[in-house]
Amino acid sequence: DAKTTQPNSMESNEEEPVHLPCNHSTISGTDYIHWYRQLPSQGPEYVIHGLTSNVNNRMASLAIAEDRKSSTLILHRATLRDAAVYYCILRGRGSGYALNFGKGTSLLVTP
Amino acid sequence: GAVVSQHPSWVICKSGTSVKIECRSLDFQATTMFWYRQFPKQSLMLMATSNEGSKATYEQGVEKDKFLINHASLTLSTLTVTSAHPEDSSFYICSARAGKRETEAFFGQGTRLTVV
């Protein structure tokens, strides 16, 4: 599976936008970019996914670079409940549709 | 969204005993279920993939005789930790997918296993 690289941690102020970066320079043409987040002592929660075009949903936006070697998860207004570990994961057909988690980015939101 | 329910949420067992963890998809049929393990301050590690009605596929380094997975129906998969030891204490999480399209995966709330 192609690897992703994320910062270990980031900090944001409440009600400010947050941009979480992810590098995936070895992404293949059929790999989808998935984002999940995990709150302490809970299972991961789906955030968003995309292939080539930018995506928006009620939780976040996903901006995908034109060459697809990087992407950015955007939380438009961070809340305290957004404090979690955010995982950027590539999923392709070769993985059997399994999600292989990296270390993720631990987001701290301060009031 | 779809719901995946795991039971129990936590369990404490004695060393040498076996523990069964259930994972149910409540409102969809899960053609594929995944089992993960997560140690404190670490990421999730995929243990195995199971498809309904067939044998599970285990990741390298995961003992299939120790971690028995049964996916008997489209809504239920079980993970049995046999002859548990303290080093098996971990957070076990299941995940389920419906169909083979590129959709999101749904995760259970996790099971905290403590072996004493």
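Side notes on the structure shown:
- Of the residues making up segment A:70-83, those that are loosely packed, with under 13 Cβ neighbours inside 10 Å and not polar (S, T, N, Q) number 4.
- None of B:E59, B:E63 is of a type in the set (D, E) and either touching a Pro at 6+ places or on another chain (Cβ under 7 Å) or within 12 Å of another protein chain (Cβ to nearest Cβ) (or both) except B:E59.
- If you go through segment A:1-32 and keep only what is over 14 Å from A:L90 (Cα atoms) and buried (at least 16 other Cβ atoms within 10 Å of the Cβ), you end up with A:M10, A:S12, A:V18, A:L20.
- Filter result (assigned to a loop (DSSP other than H, G, I, E, B) and either open to solvent by 30 Å² or more (accessible area, probe 1.4 Å) or charged (D, E, K, R) (or both)) within segment A:84-101: A:G96, A:Y97, A:N100
- A:L62 being at pLDDT 95 or above and open to solvent by less than 40 Å² (accessible area, probe 1.4 Å): yes
- Restricted to segment B:101-116, and to residues there that are at pLDDT below 90 and open to solvent by less than 30 Å² (accessible area, probe 1.4 Å), the residue that is nearest to the other protein chains (Cβ to nearest Cβ) is B:A105.
- Hey, A:N56 more than 13 Å from A:T4 (Cβ to Cβ) and either open to solvent by 20 Å² or more (accessible area, probe 1.4 Å) or without any contact (Cβ under 8 Å) to a residue 12 or more places away in the chain (or both) or not: yes
- Any hit, segment A:61-78, residues being of a type in the set (S, T, N, Q), away from chain B (no Cβ under 11 Å), assigned to a strand (DSSP E or B) and touching a Gly at 6+ places or on another chain (Cβ under 9 Å): yes
- If you go through segment A:13-50 and keep only what is under 12 Å from A:A84 (Cβ atoms) and in a strand (DSSP E or B), you end up with A:V18, A:L20, A:W35, A:Y36, A:R37, A:Q38, A:E45, A:V47.
- Looking across segment A:82-100, the residues that are modelled with pLDDT of 95 or more and more than 11 Å from the chain's Cα centre (by Cα) come down to A:D82, A:A83, A:A84.
- Scanning segment A:102-111 for residues that are open to solvent by 50 Å² or more (accessible area, probe 1.4 Å) and part of a loop (DSSP other than H, G, I, E, B) yields a total of 2.
The values are calculated or read from the model by the stated rules, or taken from the named source; none is laboratory data. Just so you know, these numbers come straight off a predicted model, no measurement behind them. Neighbour counts are summed over all protein chains in view; Cβ atoms, including those assigned to glycine, are modelled from backbone coordinates with ideal geometry. Accessible surface is based on the protein model in full, side chains and every heavy atom, while ligands, DNA and RNA are left aside. Shrake-Rupley method; radii C 1.70, N 1.55, O 1.52, S 1.80 Å.
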